[in-house]
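Just passing along the structure, written as structure tokens.
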Amino acid sequence: MKTKLLFPAVAGALLAFSGPSFADVAVQAATDLNVRAGPGPQYPVVGVIGAGQATTLRGCLESSKWCSVADSGGDGWVYSDYLVGDFGGQQVVLSARPADSGVIVVDPPAAAADVVIDGTTGAIVAGEAMPAIEPPMEVRTYVTDHRIEPVYLDGEVVVGAGLPDTVELTEIPDSEYRYVYVNGQPVLVEPSTRRVVYVMR
């Protein structure tokens, strides 16, 4: 199911761009991808770009994988490992784009200094996009009813991504999967591979 890119009106005022005006770039999500209120995993999720859905790239932070995107509903921030665009006639993952790609460097929102987390315990390992499982309702209910303290990792949580060994996985009764709250979102994980198999939105 394709999900529309949704943003609340409050997200519209988050960006401050530097440099001259520029042409926006069309990009596409390689998998269902969170859109956040700011450039980092500590910011709340304000929308989702569905796998294969196009959006408009406004620019990226310097020396960072966080980029700004825009839709008719507003602006938000996404992790560029999961966006694909046409650069030099080839479809390229945004974080691996050529240096002369023309993507504009943007400034972080002023609110970025106000959002602090205790630190990260590692980084999410980018993985191949894969179909999500469809867990039974009792599994989803258990995970939401038994909330645990979230861990914050560099990167974005998507289906197929791997979690570092430093992240403790919690058992679910009568289930082959484990769960953890990553960057504020509950996810199901296959314990043998430590790959995310489902993101609860």
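The values are calculated or read from the model by the stated rules, or taken from the named source; none is laboratory data. Remember, it's a predicted structure, so these values are computed and weren't measured experimentally. Neighbour counts run over all protein chains shown; Cβ positions are idealised from the backbone, glycine included.
This table checks each residue for (1) surrounded by 12 or more Cβ atoms within 10 Å (Cβ to Cβ); (2) of a type in the set (Val, Ile, Thr); (3) not assigned by TED's automatic domain parsing to the domain that holds Ser63.
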position: Gly89; (1), (2), (3): no, no, no
position: Ser95; (1), (2), (3): yes, no, no
position: Pro98; (1), (2), (3): no, no, no
position: Val106; (1), (2), (3): yes, yes, no
position: Pro109; (1), (2), (3): yes, no, no
position: Ala129; (1), (2), (3): yes, no, yes
position: Glu149; (1), (2), (3): no, no, yes
position: Glu156; (1), (2), (3): yes, no, yes
position: Glu190; (1), (2), (3): yes, no, yes
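OK, next. Need the failing condition index for Asp71 against (1) at pLDDT 95 or above; (2) more than 25 Å from Leu153 (Cα to Cα); (3) of a type outside the set (Gly, Ala, Ser), just the number.
Failed condition: (1).
Still on this structure, please answer the following. For Gly50, indicate whether it is at pLDDT 90 or above, out of contact with any Gly (no Cβ under 8 Å at 6 or more places or on another chain) and either of a type in the set (A, V, I, L, M) or surrounded by fewer than 18 Cβ atoms within 10 Å (Cβ to Cβ) (or both).
yes
Only residues that are of a type in the set (Val, Ile, Thr) and either under 18 Å from Val199 (Cβ atoms) or crowded, with 19+ Cβ neighbours inside 10 Å (or both): list them for the range 53-80, please.
Result: Thr55, Val69, Val78.
What are the residues in the range 145-190 that are on the phi < 0 side of the Ramachandran plot and among the charged types (D, E, K, R), if any?
Hits for the range 145-190 are Asp145, Arg147, Glu149, Asp154, Glu156, Asp165, Glu168, Glu171, Glu176, Arg178, Glu190.
List every residue pair whose Cβ atoms lie under 7 Å apart, where the two residues are 6 or more positions apart in sequence or sit on different chains, the first residue falls within the range 26-49 and is over 13 Å from Asn183 (Cβ atoms), and the second residue, located anywhere, is in a strand (DSSP E or B) and among the basic types (Lys, Arg).
Matching pairs, first to second residue: Val46/Arg36.
I would also like to ask the following. Restricting the range 50-83 to residues that are touching a residue at least 60 places away in the same chain (Cβ under 8 Å) and not in a strand (DSSP E or B), which is nearest to Val105 (Cα to Cα)?
It comes out as Lys65.
Okay, moving on. Could you tell me whether the range 172-180 includes any residue that is without any contact (Cβ under 8 Å) to a residue 24 or more places away in the chain, assigned to a strand (DSSP E or B) and either closer than 22 Å to Asn34 by Cα or not assigned by TED's automatic domain parsing to the domain that holds Val78 (or both)?
Yes, the range 172-180 contains at least one residue that is without any contact (Cβ under 8 Å) to a residue 24 or more places away in the chain, assigned to a strand (DSSP E or B) and either closer than 22 Å to Asn34 by Cα or not assigned by TED's automatic domain parsing to the domain that holds Val78 (or both).
Right, next: Any idea how many residues of the range 125-154 are in contact with a Phe, Trp or Tyr (Cβ under 9 Å, 6 or more places away or on another chain) and at pLDDT 80 or above?
14
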